[in-house]
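Computed from the coordinates by the stated procedures, all read-outs in this text should not be read as laboratory data. All of these numbers come straight from a predicted model, not from anything done at the bench. Positions of Cβ are backbone-derived with ideal geometry, glycine not excepted, and every protein chain shown enters the neighbour counts.
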Amino acid sequence: MYLLCYSPPVSSPMSPSSFQDHMPGNLCFGCGSQNHEGLQIHSFWHGDEAVCEWSSQPRYQGWEGLLNGGILATLIDCHCMGTAMAAAYRSEGRELGSEPYYRYATAHIAVDYLKPTPNDRPITLRAQVVEIHGRKARLTCQAIVDGVQTAKAEVVGVRVFEGQPSGSGAFG
């Protein structure tokens, strides 16, 4: 079992490319670099914490000026699954994108919406890996706008793929 604890962010990410850049064939609405209609998040390591900064568009409003809660849950979900994947590579001392490739899917997500999330300012997601045990990763995540936490989540991801892409999709 690997237990990772929070450490303060450092000034630069471990890798110049995002976690999502190492997911060939990813068409996911939230994190798929190949989905040009999607949210296209980008997550990076800052110490033992994964950080994603994302700016919304008016089409993602729930109420005027506020981000839709489902979009926020999608951001958290995708950021955490990318973080779970990156943490698995890191725990094995491997570079992102090295073989065998890993992909994670959400087994559980619980989002607490603490305050309305503005839709017109950048949103910062901060995820921490609480535990990795076998194929399962447990994470926490916070959504922050202008220094104010608007949501927090507990997320469990499960490794659903490890291998080489066959050209017929991310899962072989």
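Per-structure values
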| quantity | calculated |
| --- | --- |
| The chain - percent relative contact order, Cα under 8 Å, separation 6 or more | 24 |
| Charge dipole magnitude, Cβ of K and R +1, D and E -1 - region 19-163, Cα centre, debye nearest 20 | 260 |
| Charge dipole (the chain, unit charges on Cβ, about Cα centre) - positive-most of Ile71, Ala137, Trp45 | Ala137 |
| Cα→Cβ-extended label distance, 7 Å offset, between His36 and His133, nm | 4.5 |
| Normalised contact order of region 50-129, rounded percent, pairs of Cα under 8 Å and 6 or more residues apart | 58 |
| Computed [θ] at 222 nm, deg cm²/dmol, the chain (DSSP H ≥ 4; -39,500 (n - 2.57); rounded to nearest 500) | -4500 deg cm²/dmol |
| The chain: angle of helix 69-91 to the longest principal axis, Cα-based, in degrees nearest 10 | 30 |
| Average projection area in nm² (convex hull over Cα atoms of the chain, one quarter of hull surface) | 9.5 |
